[in-house]
Structure formats: C-alpha cells, structure tokens
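Asks: This is the structure, below, for whatever I ask next.
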Amino acid sequence: MGTSWLPWSAASLASGAVLLVLGALAMPPTSEVGDVIVAIDRQDAAWLMASASFFLASVALTMGLPAVLFLLPARRHVAAMVGMWIWGVGTIGTSALAAFLILFRATVRAVEISPEDVEELSRDPVLSVSLLFVVGAFYLGELVVGVVLLRSAVVPRWIPALLLLHVALAPVSELLPEELQSFTAIVLGIALMGIAVKASEAWAGAKAPTPL
C-alpha cells in the first residue's frame, strides 16, 4: 500500500488535537454537579460546542492515529499497533462522551433535575464501568504509544514527554485550580500536533526526489 493516505491522516490528527482542546476549553471549569447544571442554562452554546467538538475530535483522532505508525521503524510496529488499537478504543469512545453530554443537556432542559439526582445517576454501575473502560483505554493506549515513541527516538523527546505527562496528570487533574482544568488537554493537543507535523515532514522527505 502506498503512502498517499499519510498527509490526510496527519491533518486529521492535527484537527483532532485542536478540536479536543476546543472541547475542553468550552466545558464549564468546574466538577461540581450544581454548577454544571447552572452552566447548561447559562452557557448553552458553549455546552453544545463542547459536545460537537468532542464528537468531531473522536472521528479525527481515530483517523489520525495511523500517522504514528509511519514514523516508527518496522521493529516497533507490533508494540505501536497494540498501543494504537487500545488508544483507538478510547478515541472512538470519546464520541460516546459527546452523546452523553447532549443527552444530559436534553434531560436537564426537559425535566426538573436536582444535583442529588445527577449524583445518583453517576453511581449507576453500567455508566461508571463504561466511562472507566473508555477513559482507561484512552490513557493506556496513549501510554504505550508514548513509551514506544520515546524509545524509538524518531521524534523530539518533548513530544512523548508531553504524552506521558498527560497520562501522569490524569489522577490529579481534578485537584488543579479551575482555571487550569483544561491544561491537561492542552498538553495532549500540543503533543498530537507535534506528531502530525513530524509525520508530514517524514512523508515529504520520503517523497522528495533523490539527487542524481
């Protein structure tokens, strides 16, 4: 198979990175249930933007992940494929998060719902396990790909370092101040943009005519 797909995949990865950051910035900077309900009423357009951004980011990131494989030597392909398949489960699952945001908005606007009702919903075992599975797959796949990129030294070290930093910040992200809640998404977005740029550069170098 040729490499004509690579520029499209790299562009998709870059677009997904931007959309992911946009969605994170559009979300209300709070994890308090009551504040989230108020945000739906007062910042309805931002909530819809976040939902749309996460859905489009899901599609773009899933289509963009193969660009990572182009950067790696053949001996790293198996490990990279494992990481990308796991990460792909997480990126596809991001669309489920977007659907949940839309459903949550529709529920809040259609019926009277209290923070206690939302807390009870959040304890639903099916919802909790599904969310944990998607988030866990996203971070595990990102961790594997980050380690493979770090060991392969095919991209500047700050790129896999940012991927690993994003994974490391996951357990403590909710402890950050509200104005820094989107910082982790920005870290991931920068790393993905770096991968997209390096993949495009590698493809352009491979396509350049060899001097006689």
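The values are calculated or read from the model by the stated rules, or taken from the named source; none is laboratory data. Source: prediction; values computed, not measured. All Cβ positions, even for glycine, are placed from backbone atoms using ideal geometry, and neighbour counts span all protein chains on display. In case anyone asks, the SASA skips ligands and DNA or RNA and just uses the protein heavy atoms, side chains included. Shrake-Rupley method; radii C 1.70, N 1.55, O 1.52, S 1.80 Å.
Asks: Give me the one-decimal nm value for the distance between modelled label points at Ala204 and Val172, 7 Å along each residue's Cα-to-Cβ direction.
Replies: It works out to 3.8 nm between the two label points.
Asks: Separate question: With every protein chain kept in the model, how would you rank His77, His166 by accessible area, 1.4 Å probe, largest at the top?
Replies: His77, His166
Asks: What is the distance, in nm, between label points placed 7 Å from the Cα along the Cα-to-Cβ direction at Ile102 and at Ser4?
Replies: 3.3
Asks: The stretch 130-157 to the stretch 47-93: how many Å between their Cα centroids?
Replies: Their Cα centres are 10 Å away from one another.
Asks: Which ³J(HN,Hα) values in Hz, rounded to whole numbers, follow from the phi angles of the stretch 75-88 under the Karplus curve 6.51 cos²θ - 1.76 cosθ + 1.60, where θ = phi - 60° and Gly and Pro get x?
Replies: 5, 9, 5, 4, 4, 5, 5, 4, x, 5, 5, 5, 4, x
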